[in-house]
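The values are calculated or read from the model by the stated rules, or taken from the named source; none is laboratory data. Quantities reported herein were computed from a predicted structural model and do not represent experimental measurements. Areas reflect the complete protein model, heavy atoms only, side chains present, ligands, DNA and RNA absent. Shrake-Rupley method; radii C 1.70, N 1.55, O 1.52, S 1.80 Å.
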Amino acid sequence: MTFREAARRVVQEGIAPSMSHQRVSQLARDDKDFPPVQKIGRSSVVDWVVAKPYFVAHAHRAAARDSRRRAHGESTDNERS
C-alpha cells in the first residue's frame, strides 16, 4: 500500500493517534528497521502485513517517551503502578 494509505491505516486501526504520509516517508528514509519499500511509478509502497508490526512497535516506543503519542486509553507500565 502507499505511504498515504499506511498512515491512514495506522490511525484507523488505533496503532497511533496520528500519522502522516510525510512521517512514513521519513521513517522509511531514516530507520534501518523500516520494512522493504518498492517504487511503483512515483509512489513508494510497503506491504501492510510486514509494515503493521513495525508501526505497532514504533508507536509503543514513542508512547513510552511521550504521553501525547498514546492511542486513546493506552497507558504505560509506569502509570499502572
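Structure data summary
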item	result
Accessible-area composition of the range 1-50, carbon plus sulfur, in percent [1.4 Å probe]	50
The range 13-60, accessible area per residue, ligands and nucleic acids excluded (1.4 Å, Å²)	65
Glu5 - accessible surface, heavy atoms, 1.4 Å probe, Å² rounded to 10	50
Linear extension gain, Asp30 paired with Ser43, 0.36 nm per residue minus alpha-carbon span	2.9 nm
Under 5 Å, built H, 5+ apart or other chain: amide partners of Ser44	Phe3
